[in-house]
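The values are calculated or read from the model by the stated rules, or taken from the named source; none is laboratory data. None of these values were measured; they are calculated from a predicted model. Ideal geometry is used to build each Cβ from the backbone, glycine not excepted, and the neighbour counts take in all protein chains shown. For the accessible areas, the whole protein counts, side chains as well, though only heavy atoms, and no ligand, DNA or RNA atoms are used. Shrake-Rupley method; radii C 1.70, N 1.55, O 1.52, S 1.80 Å.
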There are 2 protein chains.
Amino acid sequence: MTDTRPGARGRPRGFDADQALDRAVEVFWRQGYEGASLGDLTAAMGINKPSLYAAYGNKRELFDRALARYAETDMAYAGAALARPTAHEVAETFLRDNARALTMPGRPAGCFSIQSGLSCSPENAGVSATLARARRAGELAMRERFERAVRDGDLGPGEDPADLARYVMTVSEGLAVHAAAGTPLHELERTVDLALRAWPSRTE
Amino acid sequence: MTDTRPGARGRPRGFDADQALDRAVEVFWRQGYEGASLGDLTAAMGINKPSLYAAYGNKRELFDRALARYAETDMAYAGAALARPTAHEVAETFLRDNARALTMPGRPAGCFSIQSGLSCSPENAGVSATLARARRAGELAMRERFERAVRDGDLGPGEDPADLARYVMTVSEGLAVHAAAGTPLHELERTVDLALRAWPSRTE
DNA sequence: CCGATATTTGACAAAACGTTACATTACGTC
DNA sequence: GACGTAATGTAACGTTTTGTCAAATATCGG
């Protein structure tokens, strides 16, 4: 499929596949899976349809690649947040970086994994399901991080890691919906301030 | 347009316009504006296209009517929550009733005003904008309720009604995204429990 | 029963959709 | 420089989309 090694035979590809994929990410992000036509995609990617099919398969496979690309790049902050030393820092770092990512200048406002297909027609139900699975995986990773925090004594034994992870992700999703509607960063940050007041105090 | 009074001339309508509208609400809710084709809509409504156009105008006007209908029926709990005597009760009632509404058996999971058009193609940007405006109006109403609470001394003068309203709505939207992915009611309720821990104590 | 009026029905139109066939172009190899 | 190979540009495919037309149907007032 990709053909970067020397000794390649045939006409070389006239575009950068990763760069074009970035454009596709933006279109799916802004318009949703069903709102993004192949015409919209190829126009933004600077290629035409047969090139898209040759390089990515079809619309659905392009979307899956776009989601993977988004997770690697725009969501990289999430993995970094999980590496913070305390559960509170994990939650705070995640939510603050999330708010920043949701309002990044030059990128669509909001969150790809919600906007691009929260609901779809039955024939594209797989898109919604894939996105939901991705969000669920993120929540699970955070839950496991909080379970470690309980074992470490960083969180009190009475705190439920699953509840805390679900809460943080819920706030994050709400921030994304707000951001998609144009709420500016400084207001999202105030929401994060408030949300963190729910965090269990370490002295409990 | 509607023709319920006696003395009507012409062939009487063979369907109940409000009942058909309820079916349309469900289709838009489940599939989104762009994922709901006229075929899906007319099939669910039990009518055919010319009847739809005669009764509602076109797809977009049908959607606007569906949104209004949703606001009147499924969102009725929101107005009731605002009537609670204290700000804390307003927030708690709103979030708990919200969680229940998001998982109401026999209705689509999640929230119409998010699922039906969080993002759209440019030609349907008006749908996203209309929904965002509706959510904004709800947040404003809650803000005004909290402003009254500050005047009443129910909330401390240091609390920001706009921040609190934005926070409650953010949690609500996050709950909706979770509900759309299948999170069951009892887990949403635990999230609400956690979210309410952020609420300012009255003794402050 | 008759004319007026409005709804239903089924077919149709124009455009857009995702996808593919075909001829052309550009490159490495011989 | 011709050959094989793979990507390109154009143009079309069949299907589905939103929206409409004309004829048939049902009910009211007279």
Next on the checklist: For peptide B:134-143, what's the mean number of Cβ atoms from other chains within 10 Å of each residue's Cβ?
Outcome noted: 1
Checklist entry - Which value, in Å² rounded to 10, gives the accessible area of A:Arg190 with a 1.4 Å probe and all protein chains present? => result 110 Å²
Checklist entry - Relative contact order for chain B using alpha-carbon pairs under 8 Å, separation at least 6, rounded to a whole percent? => result 21 percent
Next on the checklist: Starting from 0.36 nm per residue, how many nanometres of slack lie between A:Thr86 and A:Ser201 once their C-alpha separation is accounted for?
Outcome noted: 40.2 nm
Checklist entry - Once the dipole of segment B:129-204 is set up with Lys and Arg at +1 and Asp and Glu at -1 on Cβ about the Cα centre, which of B:Leu194, B:Ala137, B:Leu155 lies farthest towards its positive end? => result B:Ala137
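Provide B:Ser116, B:Ser201 ordered by accessible surface of protein heavy atoms (probe 1.4 Å), highest first.
Working: B:Ser116 0, B:Ser201 70 Å².
Solvent-accessible surface, decreasing: B:Ser201, B:Ser116.
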Item to check | Calculated SAXS-style log₁₀ I(q)/I(0) at q = 0.08, 0.15, 0.16 Å⁻¹ - chain B, Debye, Cα scatterers | outcome: -0.33, -0.94, -1.02
Checklist entry - Given the protein chains as shown and a 1.4 Å probe, how many square angstrom of A:Phe112 are accessible, to the nearest 10? => result 0 Å²
Checklist entry - What's the average, rounded to a whole number, of partner chain beta-carbon atoms within 10 Å of each residue's beta-carbon in B:163-169? => result 5
Item to check | Area buried, chain A against chain B - accessible surface, total, 1.4 angstrom probe, square angstrom | outcome: 3400 Å²
Next on the checklist: Can you give me the solvent accessible area of A:Asp18 with a 1.4 Å probe, rounded to the nearest 10 Å²?
Outcome noted: 80 Å²
Item to check | Stokes-Einstein D in µm²/s, Kirkwood radius over Cα pairs - the protein assembly as shown at 25 °C with 0.890 mPa s viscosity | outcome: 108 µm²/s
Item to check | Average other protein chain Cβ within 10 Å of Cβ, residues B:25-36 | outcome: 5
Item to check | Computed [θ] at 222 nm, deg cm²/dmol, the protein assembly as shown (DSSP H ≥ 4; -39,500 (n - 2.57); rounded to nearest 500) | outcome: -20500 deg cm²/dmol
Item to check | Other-copy label distances relative to B:Glu189, 7 angstrom Cα-Cβ extension, nm | outcome: 3.8
Checklist entry - For segment A:44-141, what relative contact order do you get, as a whole percent, if you take Cα pairs closer than 8 Å and at least 6 residues apart? => result 14 percent
